[in-house]
Ligand SMILES: Nc1ncnc2c1ncn2[C@@H]1O[C@H](COP(=O)(O)OP(=O)(O)O)[C@@H](O)[C@H]1O
Ligand SMILES: Nc1ncnc2c1ncn2[C@@H]1O[C@H](COP(=O)(O)OP(=O)(O)O)[C@@H](O)[C@H]1O
Ligand SMILES: [Mg+2]
Ligand SMILES: [Mg+2]
C-alpha cells in the first residue's frame, strides 16, 4: 500500500523551499555544499587544534606500541628460542624481548586510555558547539523561514542529524584514524620484513581503491536520502503528536497510520539502500584481504621452502597481514559512519549558511529608550513573491497614541502588525521607530521597544511564573504577580494547585484557552514596551475577563503607543484613533466617535456590532 | 517479530561459519610451516594454499550473505517497532499526551529505536559470535597445547569482572543521556513552535542560554561516558596483550624444553591473536548492549502504558443514521488525572434530539472539559453520559466519534492539503459534502488559495489568519453531518460581519442536529434553543437566554455585554452628537 505523498500533503508554493537555499539538488550546488561542509568541519575542529595534536600523538604512540607486539613475537621465536635450545641455556634475549613486550603493553594501555578520554572530550565539545551554533542560527532565522521549514524539520536537524554525527564522534573517528595509521605502518613493516612478499600484497591496493571510490560516491547519495527521509518521519510524528485531540476526535488514526507507514517505510528503504552498500563493500574488502593472504601464504611458503626467507619471517608476515586487513574492516565500518555523518553535516551546513532574511544591522543605531513614534513610509509587502498584501501604505502613529485597526479578515491588519514587530521586512518603503529604520536597530533595542501579543499566545512548558517572566527575565516574583493582578489573572493563578509554580505543561495545555490568553497578556505587560501590539488578543476571553483586561489596558496604554487589532469593537473603544483597512489600504482614519458620526464603513461596522450585542 | 527470529538463527549460523572459516586459516598456516616448508613439498604447499584461498572466499561470501540479510531484518524490525510505537501512541488517550512531552516521545521513536537496531544488526550477532569465537579458540588452544591454553582461558576472569563493573555504570549513564536528549528535543520543538513569541519578546539569547544548559548537561554526561569507555576499553586491550606476552615467554621455554614444536608455538600465537579483536570488540558490544537496553526500557515505558480509553468487547457499532442524538449528562463528575479537585462536580443535562444547547461560563469554569467528555477525549470519573440512552462508553469509539463532530476552540490544522485537513479521518468524504461544509462555515476563501482545495495549509495553518483557521475547523466538524455537534467557542476569531454570515448558515445545520455550543458572546447564544450556565463545576441554571438574563445574576455577569459596553456605546453616541 503506497500513499501518494503529494495528494495528502497538498501543494505548497515552494516545496523546494523546505530545503535550505544551500541544499538545492543540482550538481554545482552539491559541490558548493561540500565546500561548505568542509568549512564547517574546519571551523568546528579549529578551536581544538592543540587537543587534537595531543590526540594524534597519543594515537601514534598507541599504534607504535601495538605494532611492536607481533614484531616482538617474531623476535622471541627467531632469536629468543634458539639460545635456549640445544643445551645452551641463555635466556637473556628472551628476557629482553619479554621486558620490551611489557613496556609496549603498558604504553599501549596508557595511551589508549588517555586517547579515548581525550578524544571523547573533544568530540563532546564539538557536538556541544555544533548544537549551540545550529540552535542559535535557527533562532536568528526569520519567521518566514520557519514557516516553510516547519518545526519538525528543525527538530530533525537538531536531533537525528546530531545523533548521526555523535555516532561517528564517539564510536568512530579514533578507529578510523587508528586503523588508517595501522594500515600504513603495517605496510611499511611488511616492506621491511620481506619486500617481494610485500609487493605481492600491494597488488591488492588497486582493488581496494576502486572499491572505496565506488562506495564513497554511492553512499554519499544514499545517506543524503536517509537524512531527508528521517526528517519526513519526524515532521509527521511531531505533527500528529501535537494535534492528538483532532486525530482522536476525527478518527484520523488509520489514515495517519497509513501515512506514517509510508514515510516510515521510505526511511527504512533509504536506510536499506545505504546499508546494502556497506554490506557489499565490507565483505568485498574482506575478500580481497583473504585472497591476498592465501596468495602470500603460498608464495611465502614457496620462498621459505627455497630458503629465501625464514619461517619466523613468514609467521610474522602473516600475522601482520591480518593486522593489515582486519582494520580495513573497521575502516570500512567507520567510513560508513563518516559518510552518514557527512550527510548530516551537509544538512547542518545548509542551515548555517541560510542567511537570515531579517538580518541584524552591521552598524546599528542605538535606541536606548524609545518614545514610540511609528512611521510606515510607502510600505509595500508581499509574503512570497506573488500577491501583494500592502501596496503602498503611509501611516504615522505619534508616540503615546492608541490606534485600533479594523477591517475584514484578510485585509492585512496582522501584516501591518508583523511589519511593525519586524517579523518581516517590507519589500519597499520603510518602517521607522522614533525616526530610525527598524532595519538599523539591534534586536535587543527593537524587542525592548516593541512587543506583540497575538491570539496564538504560545506558552512554554514550565511554571506560570516562568511564562510571565518571559516578558522580562530579570523580574522578581512581586513584579510577576503585579502584572498578573493588573490584568485580572491573579485570582485564577492562585486557585491552581501550586499557584504561580504550577507547571502549565506543553504549550500551556494545563490551562484553559482563556487562561492562556491572560497569561500571555501578563507576559506582555511585564515586558513594559514603548509600543504594544495586540492582534486579536482577547478573542477567547469571556466578557467579564475581557472587561478587566480592557480596564487594565486603559491605564497601561495611556502613555504608550499601541496598535490594537480586534473585531470586537468593545476593544476599540479605548483607542484614540481608528483605521479601517480594506485590501491593504486605509480607507477611513479618525477618532472612533468621529467615524461613527461620519456614517462611513466604521459606522456600519459599529452598528453591526451593537446589534450583535443583544 | 517471529519471522525475524528465524532469520536471526540463520544469521548466527552464517556468522559462526564465517568466523569458523577465519579460524581455520591459522591452522592451515601451521600445516604449511610444519608440513611442506619443512619437508620441501611443493605440491602440498599448493594444495594448502588453495585450501586457504577457498576458505577465504567462503568466509567473505558468508559475511556478505549475513550482512545483506541482516541489514534487511534489523531495519525491518526497527521499522516495525516504530510503527507499533506510533500506533500505540495514537491509541493512548489525550490525558497521556497532556503529560508527555513530544520531544521525549520523538527521541524514543527515532534515537532509541536506531540504537536498538544497531545492537540487533551488530552487537547481538557479535556478542554471540565473539563469545563463540572465544570459546572455540580457547578450546583449540587447549587442544594445541593445554598448559598454555589454560593460561589463556584464565584471562577470562579479569575480563569478566571488568565488564561487570562497566555494565552497571554504563547502564545508568546511558539512561541519563537518553533522557537528557529527550528533554533537549522537547526544548528544540518548543522553541521552533514558539518562534513568534521568542522573536516578539526578543528572547533569543534567553532561549539560547536555556538550550545551552540542556546541551551542556548532555555534554557532561557524554564526557563521563567517554571516561568510562576509556577505562574499560583500555583494560580490554591490556588483558589479552598480557596473556600474549606470557604465552610467548612460557611458550619459548616450552619449545626449548622440546615440549612444543616451533610450528606449534607459531600456530598457537597466531591463533591467539584471533582473540584480540573479539575481546576488544567486547567493550564496544557491552556499551552498545547497555544503550540498547536502556533504549528498550524507554520504548517499553510507552508501549506498556495501557490505553485507558478503549472499546470494551461488547461496545456497539452504530451508524450515525441510526442515532437520534439525545444527549444526557447524568451526575457527571470529572477530574483531570492527578488533579486533587474535580473540574466538574455534578453535571446533569438533557439535550433533546435536534436541540441546540449553549454552555456558558466564566474562563476556566470547565466548559471545554465538559464538552470533551462527549467524544470521550477524556472519560468521566463519575456518573455517565449517554447518547440515545446508551452510555458513550458502550459505543465503539469509531462509531461514537463519527456520531459526534467537534470543533475545538483552538483549531488544529495539519501541514496537509485543505481537503485532507477537512476530511481527516473521513477519507470517503465526497466533493459535494466538502463544498457543503465549506459553505456552512463560510470558508469559501479556500477556493481563492493558489491551488484551491489542494493547497497545503502550513504548519498549524499558521499562514492562514485565525478566523480562516477557525472556519476550516468548523467546516471539518460539520462535514459528514454528525448527529451530535460539539462546538467549543467556534466563532471567537471571526469579525462581526463574517460571524453573522456563519451564524445564518450554521443555524440551518443546527436545526436537525443536536448540538452543544460553548459561547462567550450574546450574539452566538442566539443560535441556541436553551442555555446552561456552568458555575463552580455544576450546571446551576438552564433556560432561554432572556429568562436567564432576567433571573440569574451570575449569568448576567458572564454574558451581558450591556452594562459596560452599551453604556460606553452611549457615550460614543453622545460624543458624536
Ligand atoms: N504567512 C503568510 N504567508 C502567506 N500569505 C499570508 C501569510 N499571512 C497572511 N497571508 C495573506 O495575506 C493577506 C493578509 O493577511 P492578514 O494580514 O493576516 O489579514 P488580517 O489580519 O487582516 O485578517 C491574506 O490574504 C492572507 O491570506
Ligand atoms: N489538561 C488539563 N489538565 C489539568 N487541568 C486542566 C487541563 N485543562 C484544563 N484544566 C483546568 O481545568 C479548568 C477548566 O478548564 P477548561 O475546561 O478549559 O475551561 P473553559 O471553561 O475556559 O473552557 C481550568 O481551571 C484549567 O486550569
Ligand atoms: Mg489577522
Ligand atoms: Mg475553553
Go through the range B:199-217 and give me each residue that's facing chain A (nearest Cβ under 7 Å), assigned to a helix (DSSP H, G or I) and under 23 Å from residue A:529 (Cβ atoms). B:199, B:200, B:201, B:204, B:206, B:207, B:208
Yes or no: the range A:298-310 includes at least one residue that is more than 7 Å from every other protein chain (Cβ to nearest Cβ) and either under 21 Å from residue B:72 (Cβ atoms) or surrounded by 23 or more Cβ atoms within 10 Å (Cβ to Cβ) (or both). yes
If the requirement is being under 40 Å from the mean Cα position of the chain (by Cα) and within 12 Å of ligand 2 (Cβ to nearest atom), which of these qualifies: A:538, A:502? A:502
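Is at least one residue of the range B:417-428 without any contact (Cβ under 8 Å) to a residue 24 or more places away in the chain, facing chain A (nearest Cβ under 7 Å) and within 23 Å of residue A:570 (Cβ to Cβ)?
No, the range B:417-428 contains no residue that is without any contact (Cβ under 8 Å) to a residue 24 or more places away in the chain, facing chain A (nearest Cβ under 7 Å) and within 23 Å of residue A:570 (Cβ to Cβ).
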Identify all residues within the range A:517-550 that are more than 9 Å from chain B (Cβ to nearest Cβ) and assigned to a helix (DSSP H, G or I); write none if there are none. A:519, A:521, A:522, A:525, A:526, A:548, A:549
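Can you tell me which residues in the range A:561-578 are assigned to a strand (DSSP E or B) and either surrounded by 19 or more Cβ atoms within 10 Å (Cβ to Cβ) or within 16 Å of ligand 2 (Cβ to nearest atom) (or both)?
Residues of the range A:561-578 assigned to a strand (DSSP E or B): A:561-565, A:577-578.
A:561, A:562, A:563, A:564, A:565, A:578 - these are the residues of the range A:561-578 that are assigned to a strand (DSSP E or B) and either surrounded by 19 or more Cβ atoms within 10 Å (Cβ to Cβ) or within 16 Å of ligand 2 (Cβ to nearest atom) (or both).
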Filter result (more than 11 Å from ligand 3 (Cβ to nearest atom) and surrounded by fewer than 23 Cβ atoms within 10 Å (Cβ to Cβ)) within the range A:404-419: A:419
Across the range A:255-297, the tally of residues that are within 7 Å of chain B (Cβ to nearest Cβ) and under 30 Å from residue B:94 (Cα atoms) stands at 8
Check every one of the helices (runs of 4 or more DSSP H) wholly within the range B:34-139 and list those with 1 or more residues that are more than 8 Å from chain A (Cβ to nearest Cβ) and more than 24 Å from residue B:187 (Cβ to Cβ). B:42-91, B:113-118
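Would you mind finding the one in A:260, A:237 that is under 22 Å from the mean Cα position of the chain (by Cα), assigned to a helix (DSSP H, G or I) and in the same structural domain as residue A:201 (by TED's automatic domain parsing)?
Only one candidate passes the filter, namely A:237.
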So for the range B:504-511 (the condition being closer than 24 Å to residue B:348 by Cβ and either within 16 Å of ligand 4 (Cβ to nearest atom) or surrounded by fewer than 24 Cβ atoms within 10 Å (Cβ to Cβ) (or both)), does at least one residue qualify? yes
Given the criterion away from ligand 1 (no atom under 16 Å from the Cβ), in the same structural domain as residue A:472 (by TED's automatic domain parsing) and not in a loop (DSSP other than H, G, I, E, B), identify the matching residue among A:608, A:588. A:608
When the range A:368-403 is examined, which residues are found to be in contact (Cβ under 8 Å) with a residue 12 or more places away in the chain, within 16 Å of ligand 3 (Cβ to nearest atom) and within 13 Å of chain B (Cβ to nearest Cβ)? A:383, A:389
Restricting to the range B:448-459, name every residue that is surrounded by fewer than 23 Cβ atoms within 10 Å (Cβ to Cβ) and either more than 7 Å from every other protein chain (Cβ to nearest Cβ) or at positive phi (or both). B:448, B:449, B:452, B:453
Report whether or not residue A:461 is within 14 Å of another protein chain (Cβ to nearest Cβ), touching a strand residue (DSSP E or B) at 6+ places or on another chain (Cβ under 7 Å) and more than 18 Å from residue A:561 (Cα to Cα). yes
Of the residues B:516, B:474, only one is crowded, with 23+ Cβ neighbours inside 10 Å, more than 16 Å from ligand 3 (Cβ to nearest atom), part of a helix (DSSP H, G or I) and more than 9 Å from chain A (Cβ to nearest Cβ); which? B:474
Examine the range A:501-516 for a residue that is buried (at least 24 other Cβ atoms within 10 Å of the Cβ) and touching a strand residue (DSSP E or B) at 6+ places or on another chain (Cβ under 7 Å), and state whether such a residue exists. no
Checking the structure you have, find out if any residue of the range A:429-439 is within 11 Å of chain B (Cβ to nearest Cβ) and either within 16 Å of ligand 1 (Cβ to nearest atom) or in contact with a strand residue (DSSP E or B) (Cβ under 9 Å, 6 or more places away or on another chain) (or both). no
Go through the residues of the range A:579-599 one by one and say whether even a single one is on the phi > 0 side of the Ramachandran plot, buried (at least 21 other Cβ atoms within 10 Å of the Cβ) and at the interface with chain B (Cβ under 10 Å from one of its Cβ atoms). no
Looking only at the range B:477-513, filter to residues that are within 16 Å of ligand 3 (Cβ to nearest atom) and in contact (Cβ under 8 Å) with a residue 40 or more places away in the chain; which one of those is nearest to the other protein chains (Cβ to nearest Cβ)? B:492
Can you go through A:408, A:404, A:417 and tell me which one is in a strand (DSSP E or B) and either under 25 Å from residue A:145 (Cα atoms) or within 16 Å of ligand 1 (Cβ to nearest atom) (or both)? A:404
For the range A:121-157, give me each residue that is more than 7 Å from every other protein chain (Cβ to nearest Cβ) and within 16 Å of ligand 1 (Cβ to nearest atom). A:141, A:142, A:144, A:145, A:148, A:149
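The values are calculated or read from the model by the stated rules, or taken from the named source; none is laboratory data. Since this is a predicted model, take the numbers as computed values, not measurements. Cβ: placed from backbone, ideal geometry, glycine included. Neighbour counts: every protein chain shown.
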